[in-house]
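Scroll down for the structure; my scribbles are underneath it.
The values are calculated or read from the model by the stated rules, or taken from the named source; none is laboratory data. These numbers come from a predicted model, not from an experiment. In this analysis, Cβ positions are derived from the backbone assuming ideal geometry, glycine residues included, and neighbour counts consider all displayed protein chains. Only protein heavy atoms, including side chains, enter the accessible area calculation; ligands, DNA and RNA are left aside. Shrake-Rupley method; radii C 1.70, N 1.55, O 1.52, S 1.80 Å.
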Amino acid sequence: MRRRRAAVAAGFCASFLLGSVLNVLFAPGSEPPRPGQSPGASATPGPGRRGGRGELARQIRARYEEVQRYSRGGPGPGAGRPERRRLMDLAPGGPGLQRPRPPRARSPPDGAPGWPPASGPGSPGPGPRLGCAALRNVSGAQYVGSGYTKAVYRVRLPGGAAVALKAVDFSGHDLGSCVREFGARRGCYRLAAHKLLKEMVLLERLRHPNVLQLYGYCYQDSEDIPDTLTTITELGAPVEMIQLLQTSWEDRFRICLSLGRLLHHLAHSPLGSVTLLDFRPRQFVLVDGELKVTDLDDARVEETPCTSVANCILEFPARNFTLPCSAQGWCEGLNEKRNLYNAYRFFFTYLLPHSAPPSLRPLLDTIVNATGELAWGVDETLAQLEMVLHLYRSGQYLQNSTGSNAEYQRIPDSTITQEDYRCWPSFHHGGCLLSVFNLAEAISVCESHTQCRAFVVTNQTTWTGRKLVFFKTGWSQVVPDASKTTYVKSSG
């Protein structure tokens, strides 16, 4: 398996280095279908195949129309109808079927929300959208993983920034099952590529700090398929729940807050209320501690039509919910409530309450219980999460705590090099590194740990602005360090 992944990654990188036909973001005037040519002809199934060309064409057309709806719908950023190009040939009225292509490469108008992407160590920085030219000299290609339809690779651009590349997985289940059914490799690629195209359009339309950034895209020839689509996105780390359970409560709360903000955005997006039909931790990534949704090809905008509440049953493995059927014939809030309950069962119930500050636990328990019962919508859920952030960041959660009378000696410009002990949860697995609001809280923490005899206040802060402090078992090895201050427990 490791050799196969290495070979796939190397081949993927080489396709950019050696490919001679790279269409740099496809300015108008690209080669149209040749007169009389029907690209659908390449989708003709072999004899004895079930379904036939008509069924495959119907499925491609349905996906094309879905992409068109999302690219046109609403007044959101990046709105605009996808242009047409020869790969899919999916639009009605032509000699065959015509496919949409993503918006033509151009820099959005000045002031367009979400563009250019913010500069940073993991970002290509501000500038025009990336295209094929940016991929000609990539290095360090690594296979990240694959799902039902797509494969993901990590590469480093010539400028040093690392990005993710997504493409249809030629050995994946989606393409393979289609070829087995219809015997039409090119037609099946078109069908699968529409999912990637849909995701690209939604990443563009749903721009938000908790939606993965789309940096660009590229069409190139690959194997026997002309103009295969590759998207270029922000690179994130996979969400590993076992690892998250070992992190500090502050970092786990940040993930839940990120998710709350994302669900609020999806419920009030320019396209309408968006639901994630495939809502699992693997559909998200972490970028600098922030949770971001990356997989949108199974997202749905349309609310469920109904004639009675019998059509509005929200089913989950553990329980079901019945939602109202509106006078307009739509299940009220079904998209929003599906997202919210999935957030509860995959994230909130595991990450929110455990090892939280004691004074915040009642509010956190209320949030978990209310989302588990769908008693709240996303607006109230986010308001309560923001309240937790305010109480924690401002130190108000400490107002009713009893201060310690213990005395500590201050030793400026110094640190303790060893004498560590482990505590949970800690920002550092080799020692006890916690965040505190002020000196009084640091003393309170040290007094609550039986092995603590000293602590070192660093000049580092967390995302909430709280100071990071190392707690120590003693102070026999105090050494100079201008960026830290040591406090040792007074004798007696």
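Things to note:
- The accessible area of M387, taken with all protein chains in place and a 1.4 Å probe, comes to roughly 90 Å².
- Neighbours of W330 by Cβ distance under 15 Å: Lys/Arg scored +1, Asp/Glu scored -1, total -1.
- For segment 334-433: relative contact order, % (alpha-carbon pairs under 8 angstrom, 6 or more apart): 21 percent
- Look at the dipole of segment 287-385 built from charges on Cβ: of T366, A310, N342, the Cα furthest out on the positive end belongs to T366.
- For segment 335-413, the equivalent ellipsoid built from the Cα gyration tensor has semi-axes of 34, 12, 12 Å, listed from largest to smallest.
- Shape of segment 242-329, Cα gyration tensor, a/c cut at 1.5: prolate
- Quotient of C-alpha Rg and 2.2 N^0.38 Å, computed over segment 237-386: 1.05
- Whole-number percent relative contact order across segment 284-359, with pairs defined as alpha carbons under 8 Å at least 6 apart: 20 percent
- Calculated from the alpha-carbon coordinates, segment 125-277 shows an Rg and a Dmax of 17.4, 52 Å respectively.
- Restriction of the chymotrypsin sites (Phe, Trp or Tyr not before Pro) in segment 330-411 to DSSP coil positions whose beta-carbon has at most 12 other beta-carbons within 10 angstrom yields no sites.
- From most to least packed by mean Cβ count within 10 Å, the peptides 358-367, 185-194, 307-316 give 185-194, 358-367, 307-316.
- Segment 455-492 versus segment 129-193: alpha-carbon centroid distance in Å: 48 Å
- Sorting K484, K198 by solvent-accessible area of protein heavy atoms yields K484, K198, largest first, with a 1.4 Å probe.
- Dipole of segment 368-457, positive direction: furthest Cα of Y408, W376, F437, with charges on the beta-carbon: Y408
- Rounded to the nearest 20 debye, the dipole size of segment 332-407 about its Cα centre is 200 debye, using +1 on the Cβ of Lys and Arg and -1 on the Cβ of Asp and Glu.
- Cα-projected label distance for Q246 with T450, points at 7 Å along beta-carbon direction, nm: 2.5 nm
- Contact order for segment 247-375, expressed relative to its length and based on alpha carbon pairs under 8 Å spaced 6+ residues apart, stands at 25 percent.
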